[in-house]
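Participant: To start, I am sharing the structure in question, which I have written as structure tokens.
Here, each number is a calculation from the coordinates, and none is a lab measurement. Quick caveat, the model's predicted, so the values are computed rather than measured. Cβ placement follows ideal geometry from the backbone for every residue including glycine, while neighbour counts extend to all protein chains displayed.
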Amino acid sequence: MVGRTISDLEVFGPRTLRRHLPGPGDFIARVKGRTVAAACRRGKYLWLPLAGDEAAERGWGPATSAEGAGKERRQPRSHGVPESCVIAHLGMSGQFLAVEPGTPDPAHLRARFCFDDDGPELRFVDQRTFGGLALEVLDDPAAPPPSVAHIALDPIDPNFDRKAVHDALRRRRTGLKRALLDQTLVSGVGNIYADEALWQARLHYARATESLRRAETERLLDAVDDVLRAAIAAGGTSFDELYVAVNGESGWFERSLEVYGREGEPCSRCGSAIRREAFMNRSSYRCPRCQRVPREPRW
Ligand SMILES: [Zn+2]
């Protein structure tokens, strides 16, 4: 999408723009005609900084607050430097699809972006409507927008700082899997990938984070890195046939899951039967031999 100019867009359903308080008319007017300057991600947030001279034409107010709109006029940046972005939160089931114009609309189409080169459309599809779109100000074109600032980098981000994460884990005094699922510490790791990474690193989910040695954190982060890259290469993990990759193909990573969803099956490393245990209203899967209960667990 980068470098392409949005010639038209449509938004469907009352919930899609619920985080964009000025409403659909404002959103469409501000996005139409602008050029996608970059495609960025952090955790479940994706954002597209928009180049184009919106500020010079309209005067700029914070797009996410109807009350504050217009109060805080700023000097526009030089032409072409993004001042705002389309931000998408994927919720439980949101996804972007890039498809040729004219492809039949899917059942849960929430937004369609068309481009002036008549190339593939960008569609936002969301079965369960927990996701949504908004326009947000970008204070620094190289940094995430304010609503994403609290989300940590993910372990495959080139700027991910392993030493800083190790230090934060040691300070946190919590259980290891709770820490992995905390998006303010590490993003991109959900329940499935946490279980897979802990198995690969031979660490129990209730391990007290303050007792982690640096080598163990490295082992865990290596495992997270491996699991995420393998999952991306396989097109994601899909237990739901509606969840597909950007090209519309299903993710097949579940075929290579080692522990998640494999209760009672033998561990591929030691042969012990995989266990499923209740954890944070969900389940944790582990090998009872490779991932022994620690001496002082933090559940
Ligand atoms: Zn095992």
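Participant: Could you rank the peptides 218-224, 10-16, 27-33 by their average count of other C-beta atoms within 10 Å per residue, with the highest value first?
Facilitator: Result, highest mean first: 218-224, 27-33, 10-16.
Participant: Could you tell me what fraction of 2.2 N^0.38 Å the Cα radius of gyration of the stretch 124-169 comes to, as a two-decimal ratio?
Facilitator: Dividing the Cα Rg of the stretch 124-169 by 2.2 N^0.38 Å gives 1.55.
Participant: Can you put PHE124, PHE279 in order, fewest other beta carbons within 10 Å first?
Facilitator: Final ranking by Cβ density, sparse to dense: PHE279, PHE124.
Participant: Starting from the stretch 252-299, pick out the GluC sites (Glu not before Pro) whose DSSP state is loop and whose Cβ has at most 13 other Cβ atoms within 10 Å.
Facilitator: Loop-located and lightly packed - GLU263.
Participant: Now for a separate question. Neighbour counts of other C-beta atoms within 10 Å: give me HIS108, HIS150 arranged from fewest to most.
Facilitator: Ascending Cβ contact count within 10 Å gives the list HIS150, HIS108.
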